[in-house]
Amino acid sequence: TPASIQVVPRQVLGEQQVNTFNDVLRNVPGVVQSVPDYQPAFTGVTIRGFLAGEGQNFTRNGLNSPFTDGTAIFSNIERVEVLKGPASVLFGGGNPGGTINIVTKQPLRNPFYSVEATIGSYNLYGGAIDLTGPLNDSKTILYRLNASYESGSSFVDFTERRIPAVAGVVKFEIGRNTDLTLDLEYSKTNQGYSPGLPAIGTVLPNPNGEIPRDRNIGDEAGEYSPETFRVGYNLEHRFNENWSLRNAFYFSDFYYKIRNAYYALGLEPDLRTLERGFNSDDFRSQSFDLITNIVGKFSTGAIQHQLLFGVDLRRVDQSSFSFGTLRGTPIDLFNPVYSLERLDQTPSSESTTLTNSLGIYLQNQVTLTNHLKLLLGGRFDAFEQRDRNLTDATEAFQSGNAFSPRLGIVYQPIQPISLYASYSRSFTPTIGRSRNDEPFEPGRGIQYEIGVKADINDKLSTTLALYDLTRTNVTTADPDNPNFEIQTGEQNSRGVELLDNSFTLPNYFRTDASIFYKRDRFRAALNFKNLFNVDYFATASGDLSVFPGEPFTVQGTVSWQF
């Protein structure tokens, strides 16, 4: 494949005892976390310089899965795959940095049962079960059930969490060539909220001293609670050994509420008093996805083809309610007095958005010789969107379309070595209009990439990739009217951006370790994170929102399989 793809397999997930997406993606180069480890309700990462998240750039078992990033059932994950660069040809609109595919566990023909318990630092307690096997004697109906629960806190004040989750799958072997899979999953995260700390006092000097890393500028009443429900079917039929059909439908319901979530407005001249605002919002997104594709292999003379043709339909119904933007009392970063007192408040607002989209894609992987392959693909997308502002009874309608090509070549001088080059594009619908009432063009991502892959042995492979990734049609404030935006922006993943790089997070070297004992069906493990208790800063989203990394933590797990 003419692309950089990294896979985090189940063995790594188990040995590292991961329970957040940050833990998973820390194994993947070029991926930087956007949220701290102590807020497990995942909201995105940066891949090759661009954000992947906020309901985009996630797939589940190869099918588009909006808002998968809300939370994850890690007991149900088989592996995580990361495709670097634009992937609109296969999955439609999304930011150009990359796509994260979650592969879930499937039912097994032979009975398998696992029970697991976990205890760790900061009052971490958790448990999980994994049950699978046949439901009838002929083994044509299989099932799998995963359930888990986790509770704990972190080194940051007011960040307690509780996460119940369940996932179930039933697979019907209708015939020798036809399988029908029904699955559902549900998870809910209740957790505190921390917006980070100012750069002055963390990564930059502050005459008042260093801000304690456990400081939370919010309040113990702060809450961010995402809830995800997903149900659907996947039907696969194999016409013969070369041609197969896949049809799937999924309904997803994603809801979150934010209560008393403080954020920083500005640091006063004394460099210790922080002005604060806070939000209380409700958001719901319901999506309906229908996907049909055909995969086939055929030859034209000595040239072999692997063809993929597909059509997908999507309907997304979103609603949001904001209690208004509130200004809270200032807080002393070095001697905090917490209060939910409101100084002023903007009016509440309510809105709905309905989006319908159609995607048609075609891709052909051509094997010219045993050493040379070509990849040619393209996708056409069309969408229409209707926005309603229920507060002032206004409505806006917008539609658009985009074509996304993909070209690639792979040359293997010897079997373990692959040299590749590719060109790919992506698009992201840009909702809104200019002050002249002209609709915005879709945001575009264009990537050129060359690389080399090496399979050193059965257990070790490596990829070296050089790429140039540019995003265009980026909206920025209209200099003639700050109430509107214009599309003149361009961002390049080599570091040239519009938003000002006023400080740099320092480098760090973090060591994790694990030790485990396994005998027969019993397994016990100890996992150590930040073994040498290094002080570091994991990520930042601005000069008022720097997130310290976790100190030394330990986690113990015992499991029994039968």
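The table for this structure:
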{"item": "Among residues of region 431-460, those that are part of a strand (DSSP E or B) and under 30 Å from Y411 (Cβ atoms), counted", "result": "15"}
{"item": "Residue within region 436-456 that is hydrophobic (A, V, I, L, M, F, W, C), free of Cβ contacts under 8 Å to residues at least 60 places away in the same chain and crowded, with 16+ Cβ neighbours inside 10 Å present", "result": "yes"}
{"item": "Residue match in region 125-136 (condition: touching a Pro at 6+ places or on another chain (Cβ under 8 Å), under 30 Å from P506 (Cα atoms), β-branched (V, I, T) and crowded, with 17+ Cβ neighbours inside 10 Å)", "result": "no"}
{"item": "Scan of region 381-399 for residues that are open to solvent by less than 20 Å² (accessible area, probe 1.4 Å) and touching an Asp or Glu at 6+ places or on another chain (Cβ under 9 Å), ordered by number", "result": "Q398"}
{"item": "Filter result for D387 (charged (D, E, K, R) and either within 17 Å of L90 (Cβ to Cβ) or in contact with a His (Cβ under 9 Å, 6 or more places away or on another chain) (or both))", "result": "no"}
{"item": "Region 410-455: number of residues that are modelled with pLDDT of 80 or more and either over 29 Å from the mean Cα position of the chain (by Cα) or more than 30 Å from A396 (Cα to Cα) (or both)", "result": "24"}
{"item": "Residue match in region 42-57 (condition: surrounded by 23 or more Cβ atoms within 10 Å (Cβ to Cβ) and at pLDDT 85 or above)", "result": "yes"}
{"item": "Residue that is farthest from F229 (Cα to Cα), among those in region 149-181 that are touching a residue at least 40 places away in the same chain (Cβ under 8 Å) and of a type in the set (F, W, Y)", "result": "F155"}
{"item": "Subset of region 308-333 (residues that are in a loop (DSSP other than H, G, I, E, B) and either modelled with pLDDT of 95 or more or not hydrophobic (A, V, I, L, M, F, W, C) (or both))", "result": "G324, T325, L333"}
{"item": "Hits in region 91-119 - residues which are closer than 12 Å to S426 by Cα and open to solvent by less than 40 Å² (accessible area, probe 1.4 Å)", "result": "G92, G93, G94, N95, P96, G97, G98, T99"}
{"item": "Positions within region 165-209 being open to solvent by less than 20 Å² (accessible area, probe 1.4 Å), in a loop (DSSP other than H, G, I, E, B) and closer than 20 Å to I258 by Cα, in sequence order", "result": "T189, G192, S194, P195, G196"}
{"item": "Of residues in region 518-546 being part of a loop (DSSP other than H, G, I, E, B) and touching a strand residue (DSSP E or B) at 6+ places or on another chain (Cβ under 8 Å), the one surrounded by the most Cβ atoms within 10 Å (Cβ to Cβ)", "result": "L544"}
{"item": "Number of positions in region 215-245 that are of a type outside the set (V, I, T), closer than 19 Å to N260 by Cα and not in a strand (DSSP E or B)", "result": "7"}
{"item": "Given (1) surrounded by fewer than 20 Cβ atoms within 10 Å (Cβ to Cβ); (2) more than 25 Å from the chain's Cα centre (by Cα), number of the condition G218 does not satisfy", "result": "(1)"}
{"item": "Residue among N110, N146, N95 that is in contact (Cβ under 8 Å) with a residue 60 or more places away in the chain, outside any strand (DSSP E or B) and of a type outside the set (K, R)", "result": "N95"}
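The values are calculated or read from the model by the stated rules, or taken from the named source; none is laboratory data. Just so we're clear, the structure is a prediction, and the values are computed from it rather than from any experiment. Quick reminder, even Gly has a Cβ in these numbers, built from the backbone with ideal geometry, and neighbours come from all protein chains shown. Note: areas computed on protein heavy atoms with side chains; ligands, DNA, RNA excluded. Shrake-Rupley method; radii C 1.70, N 1.55, O 1.52, S 1.80 Å.
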